[in-house]
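Rule-based calculations on the coordinates, nothing more; no lab input. It should be emphasised that the depicted structure is a prediction, and the values quoted were computed from it without experimental measurement. Note: ideal-geometry Cβ built from the backbone for every residue, glycine included; neighbour counts use all protein chains shown.
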Amino acid sequence: MAQANNFLHPLESRTLMSATTTVDLGPLEQAVTDTRAQLKADILAANDTLKPDRQAVKDARTAFNNSIAGLNATLKSDREAANTALEADRKAISDKRAEDNATVFSDYKQIALDLANPDALAADLAKLKTDRADARAALKVDLPPLQLALETDAKPWEDKIAADRDAIKTARASNTALTDAQAKLDTDRNTFYAKLLLDHKAFADARAALHAARHPVTTTV
């Protein structure tokens, strides 16, 4: 019998004991309430500050655009005048390109007609090769003078339009009202962004602490 008792001894049951610690949740719940309230208050404060900042930027930009309306009108007018003045030069280049390629275009049409005739097609392709070479040679001679004329005529207009743009850039650089309004908006936005990040973290940490207290890890022995 003693041997039987010794055999059963390793199978005797063990007692599991759980140890829990009672935590006062009041302060933790209050921390969640307080951090939530702070986050909400700072969001409202950010909106109250940034809304007039954005309006100030909008008003300053409108005022600036109104102040350079004349400069923009001049730039638009000069662009249109340049296009009109250079139209003849561009057309001369286009017309000469079409003229020198006229035979090549005719060759392509003939090739389309002779697709079912191998002998005629072979002759068409040979002619096309020759005509394309002739067209390239002609363009090398005909286009440079026309392109030079366009560049010469365009230069004064390019200078004038560049001056128009510079006038607008100078006006923009000297517009402190818009610059200051934008700087204030950027500063306030960055300040509140940093503060709200801290608020979010504090709220998240408070919630995590409360959750941990409400659901403690059970220790088994």
Quiz prompt | Inter-probe distance in nm under a simple model that places probes 7 Å from Cα toward Cβ, at residue 83 and residue 163 | solution = 2.2 nm
Quiz item: Any idea what the dipole of the range 130-221 comes to, in debye rounded to 20, about its Cα centre with Lys/Arg Cβ at +1 and Asp/Glu Cβ at -1?
Solution: 700 debye
Self-check item: Length-normalised contact order for the chain - Cα pairs under 8 Å, 6+ apart - percent
Solution: 50 percent
Exercise. List, in the order given, every pair from 58/195; 51/160; 96/129; 58/169; 109/155; 91/129 whose Cα-Cα distance in the structure shown is over 30 Å.
Key: 51/160; 109/155
Quiz item: Between residue 38 and residue 170, what is the spin-label point distance in nm, taking each point 7 Å from the Cα along the Cα→C-beta axis?
Solution: 5.3 nm
Quiz prompt | Check: the range 76-202 dipole with +1 on Lys, Arg Cβ and -1 on Asp, Glu Cβ, in debye | solution = 640 debye
Quiz item: Counting Lys and Arg as +1 and Asp and Glu as -1, each charge on the Cβ, what is the dipole of the chain about the Cα centre in debye, to the nearest 20?
Solution: 660 debye
Quiz item: For the pair residue 103 and residue 123, how long in nm is the line joining their label points, each one 7 Å along Cα→Cβ?
Solution: 1.7 nm
Exercise. For an R0 of 25 angstrom, estimate the FRET efficiency from the Cβ-Cβ distance between residue 195 and residue 59 and round to the nearest 0.05.
Key: 0.45
Quiz prompt | Correct choice for log10 I(q)/I(0) by the Debye sum over Cα atoms at q = 0.09, 0.12 Å⁻¹ that was computed from the model, options [x] -0.77, -0.93; [y] -0.35, -0.63; [z] -0.46, -0.72 | solution = [x]
